[in-house]
Every structure is written in C-alpha cells, then in structure tokens.
Amino acid sequence: MKDMILIAGPASTYLAEKISEITGIKLVRLEHKLFPDGESYIRFPESIEGEDLIVIQGTHPPQDRHLIQAYLIAENALDLGARTVKLVSPYLAYARQDKRFREGEAVSILSILKMMKSAGYEKVYTLNIHAPWIAEKSPLPLIDLRAEKVLAKYLKNLNLEDVIIVSVGKKGESMASMVAEELGVGYAAAKSMRDTITGKVKVELEGVEEVKRAIVVDDIISTGGTMAEVVKALKEKGAREVYAACIHALMVGNAEDKITSAGASEIIASDTIPNKFMKYSVAELISDAILREK
Ligand code: R5P
C-alpha cells in the first residue's frame, strides 16, 4: 500500500496537525472559505491523484456546514483521482437521532451515513458515538473509538481525594464504571429523563448518601441542561466540589453558564470539538487507529 495522506478539513485543522505530528503522516491543509451567502468552498492545493486519503473533519456545530464540507472533500478527491478516502469525524453529528422516537421522524444518523457513503468514503471513524449500536445498521464500516481511558488518565492526574464518579443515565454507567476503575474509586448512577417534546431533563440521584467531591461523566454536553441538573443534585447532597467531564463539549447557547451556576468547579472535555473546554487530547487514540490502517 502507498503511504497515506492526511487531509485537514476546515472543522478539525488543530486535531489534524496534532495527528500528523504523532504519526509522521504528511498533512495537506485544504484551502477553504465561505462565500458571502454562506456556501462552502474547498480546494486541494496539490495533486492527490492515486493517493489514499484520511480526512479529519469533525461534524460538530455548525454541523450541516461541516457535513457538506465532508461531502465536498470526498466527492472531489475521488473526482481528482484519489485512490481511496476515509473519514475521521471525531464528533459525529446527528447520532442522537438514532431511531424514530415519534412516528414520522427521520432516523437522521442513518441518512448521514448514507450521505457519507455516497460521497465516496470507504469507512468512517468516530469517537464515543452516542448510539454505538448504529454501527450494525451502517451502510459503510463505522468504527467507534472509545476515549474513556484517555479521560480517566487526565482525571487521575488531578489527584482528587474523596471523589466518586457519577454517570448520567443507564447508558452512561459503563463509562462511569470504566473511569472509576482506572481511578480506583467508587461510582454512582444518576437517572435522567428527557421530555421528548420539550427536551426538558429531570434527574434523580438514588443510593448516593454523603458526597464530598464528585466528577460527573457524560458522553456529550449539548445545552448543558442534563449536566446542570446532576451537578445541582450533587450539591444538594453536600458535595463541596463537582467537576463536569465529558468527551464532546458542544456547549450550545448558555450551557457554560447553566453548568457553572449549578455549582460546577470546572468543565472538562476532549479536543474532539475545538473550544476553550478542551483539557485532554484524543489525538493519540486516533493516530493509533490510523496507523493500524497502514
Ligand atoms: C444523553 O443521553 C447524553 O448522554 C447527554 O446527557 C445529553 O446529550 C446532554 O444533552 P444536554 O446537554 O442538552 O442536556
């Protein structure tokens, strides 16, 4: 197999540079801009004919723009003679709409995966996808890399004493137990219920008596509503310090304010989404997966 080339998509230039540094794989930075009406322009600044490309392009907000850019990149790369194109989308948009919660709804994540296949991608890598079970139904291979251990390593280095890990929802329990095991501490589960129409979240914290310090772990912080409710519940149980940790910090609207006003000391996220909350990097995890492609 020929050497691969990394393509830095407009959404993930920072992460692509880190991955290129770690792997030693050549990086091509796309030329890109937005037209005055908001449409995306992309251009390969050098020939990619005959090459195997790995495109690093997250599909975090503005997700529709980032998805169209991902589409334009693959479709044009193949038209320009690239041999193969694979996508690394550190955060994959629409993964929370993984079924018809109400009659008539779109199963959006499947439509997005079909779109990526028709663009010409051979495979999609992502991290901590909200609905891992979608891989079985995906029209193209979908690899879900898991960042729990990377998060746990960062949290361990904080050397917090008397701490417990708190998960959000039934699904979050495996994440909390993995992180808790790495740190050698206990964990508890908070139940979360979301109204499918209003989107409002209710949280119940059962079986937690006295808490001194807690780290709440969740895969995604979006509007911050869920995290804020869990932080509040822990504060009511007497916690002096509560850390709000996640893999993907979308931080929509006033999410930061909601979480800090609820009493969180710090918001901790990975660099799947470039923003001021990124405290630990998933670049090595992605690099290892890319090197396995060689
Ligand atoms: C839900 O199942 C997820 O794990 C997150 O708890 C949820 O996506 C967070 O959304 P928001 O920040 O809008 O409450």
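The values are calculated or read from the model by the stated rules, or taken from the named source; none is laboratory data. Keep in mind it's a predicted model, so treat the numbers as computed, not measured. When we count neighbours, we look across all protein chains shown, and the Cβ atoms used for this are built from the backbone with ideal geometry, even at glycine. Each accessible area value is taken on the protein alone, full model and side chains, heavy atoms only, with ligands, DNA and RNA left out. Shrake-Rupley method; radii C 1.70, N 1.55, O 1.52, S 1.80 Å.
Here is how the numbers come out for the structure above:
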quantity	calculated
Residue satisfying all of: in the range 216-226; near the ligand (Cβ under 9 Å from one of its atoms) and over 16 Å from the mean Cα position of the chain (by Cα); surrounded by the most Cβ atoms within 10 Å (Cβ to Cβ) among these	226
Strands (runs of 3 or more DSSP E) lying entirely in the range 234-282 (those with 1 or more residues that are within 13 Å of the ligand (Cβ to nearest atom) and modelled with pLDDT of 95 or more)	241-249, 266-270
Condition check for residue 171: within 30 Å of residue 84 (Cβ to Cβ) and either within 14 Å of the ligand (Cβ to nearest atom) or without any contact (Cβ under 8 Å) to a residue 60 or more places away in the chain (or both)	no
Test result for residue 290, in contact with a Phe, Trp or Tyr (Cβ under 9 Å, 6 or more places away or on another chain) and not in a helix (DSSP H, G or I)	no
Residue 208 vs. criteria open to solvent by less than 70 Å² (accessible area, probe 1.4 Å), in a helix (DSSP H, G or I) and either at pLDDT below 95 or more than 12 Å from the ligand (Cβ to nearest atom) (or both)	no
Unmet requirement for residue 229, which otherwise passes all of (1) in a loop (DSSP other than H, G, I, E, B); (2) of a type outside the set (A, V, I, L, M); (3) within 12 Å of the ligand (Cβ to nearest atom); (4) surrounded by 20 or more Cβ atoms within 10 Å (Cβ to Cβ)	(1)
Among (1) under 19 Å from residue 187 (Cβ atoms); (2) open to solvent by less than 10 Å² (accessible area, probe 1.4 Å); (3) away from the ligand (no atom under 16 Å from the Cβ) - the single one residue 289 does not satisfy	(1)
Meets criteria (modelled with pLDDT under 90 and surrounded by 16 or more Cβ atoms within 10 Å (Cβ to Cβ)) for residue 168	yes
Within the range 115-137, tally of residues that are over 19 Å from the mean Cα position of the chain (by Cα) and either on the phi > 0 side of the Ramachandran plot or open to solvent by less than 40 Å² (accessible area, probe 1.4 Å) (or both)	3
Odd one out for residue 94 among (1) open to solvent by 50 Å² or more (accessible area, probe 1.4 Å); (2) over 16 Å from the mean Cα position of the chain (by Cα); (3) of a type in the set (Ser, Thr, Tyr)	(2)
Filtered residues of the range 14-41 (kept if surrounded by 21 or more Cβ atoms within 10 Å (Cβ to Cβ) and either among the polar types (S, T, N, Q) or without any contact (Cβ under 8 Å) to a residue 40 or more places away in the chain (or both))	20
Only listed residue being touching a Gly at 6+ places or on another chain (Cβ under 7 Å) and not hydroxyl-bearing (Ser, Thr, Tyr), chosen from 211, 163, 168	211
Residue count, the range 90-112 (criterion: on the phi < 0 side of the Ramachandran plot, free of Cβ contacts under 8 Å to residues at least 40 places away in the same chain and not acidic (Asp, Glu))	12
Strands (runs of 3 or more DSSP E) wholly inside the range 133-202 containing at least 1 residues that are within 30 Å of residue 121 (Cβ to Cβ)	142-145
Conditions (1) open to solvent by less than 80 Å² (accessible area, probe 1.4 Å); (2) free of Cβ contacts under 8 Å to residues at least 60 places away in the same chain; (3) touching a strand residue (DSSP E or B) at 6+ places or on another chain (Cβ under 7 Å): number failed by residue 68	(1)
